[in-house]
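Asks: Dumping the structure here so I can ask a few things about it.
Each value in this text was obtained by applying a stated rule to the coordinates, not by laboratory testing. Values in this document were obtained by computation on a predicted structure and should not be read as measured data. Note that each Cβ is placed from the backbone with ideal geometry, even for glycine, and that neighbours are counted across all protein chains shown.
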Amino acid sequence: MTRRQLSSIKKWLYFASGIVFCGFGILGVILPLLPTTVFLILAVACFARSSPKLERKLLQHPVFGPPILQWTKHGAISLSAKKIACSGMAIGYVVFYIIVQPAVWLALGVATMMGAAAYYVLTKPLPPSEN
């Protein structure tokens, strides 16, 4: 295979991955336990390497564009997004606990994972506009 062919395949794989991540992001709008912004950030990263038009479209989206830009430029998460994320994790855990009625080891394992995710979110800086 030539370099040109490999480059073309790579570009197509990035594009396909971007579409898949966008799909997961859209599902995240509907399903409360599936994150939205994380998948859209991944989609933007893929589109940056395959489709500048779709990258621009996501970055300019009135709802999803600002949090994506805050993350890509500053590694920052807004206070409202932190509240929503942590509330979603807490509600998700309660729903999990009630529906699954897990063994103690599983309940603690899931709580540890969600706690680690919440810690990660809470320790990220606020965007410059919120400081």
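Asks: Could you tell me which residue out of Ile68, Gly25, Gln5 lies farthest along the dipole of the chain toward its positive end? Charges go on the beta carbon: Lys and Arg +1, Asp and Glu -1, centred on the Cα centre.
Replies: Gln5
Asks: Among Met89, Ala16, Ile41, pick out the residue whose Cα is farthest towards the positive end of the charge dipole of the chain, where Lys and Arg carry +1 and Asp and Glu carry -1 on C-beta, about the Cα centre.
Replies: Ala16
Asks: If a helix is a whole DSSP H run, which ones in the chain reach 18 Å or further along their own axis (Cα) and hold a mean Kyte-Doolittle hydropathy of at least 0.0?
Replies: 3-30, 79-100, 104-123
Asks: Which whole-percent values make up P(r) of the chain when all C-alpha to C-alpha distances are grouped in 10 Å steps starting at zero?
Replies: P(r) over the chain, rounded to whole percents: 12, 33, 30, 18, 7, 1.
Asks: What is the magnitude of the charge dipole of the chain about its Cα centre, with +1 placed on the Cβ of each Lys and Arg, -1 on the Cβ of each Asp and Glu, and no other charges, expressed in debye to the nearest 20?
Replies: Dipole of the chain, to the nearest 20 debye: 680 debye.
Asks: What is the log10 of I(q)/I(0) for region 76-131, computed with the Debye formula using one identical point scatterer on each Cα and no solvent, at q = 0.13, 0.26, 0.31 Å⁻¹?
Replies: Log-scaled intensity ratios, in q order: -0.39, -0.97, -1.18.
Asks: Among the trypsin sites (Lys or Arg not before Pro) within region 1-65, which fall in a DSSP loop and have no more than 16 other Cβ atoms within 10 Å of their own Cβ?
Replies: Here the sparse-neighbourhood loop sites are Arg49.
Asks: Which of Ser17, Ser80, Ser51 ends up with the largest GNM mean-square fluctuation for the chain, with Cα atoms connected below 10 Å?
Replies: Ser80
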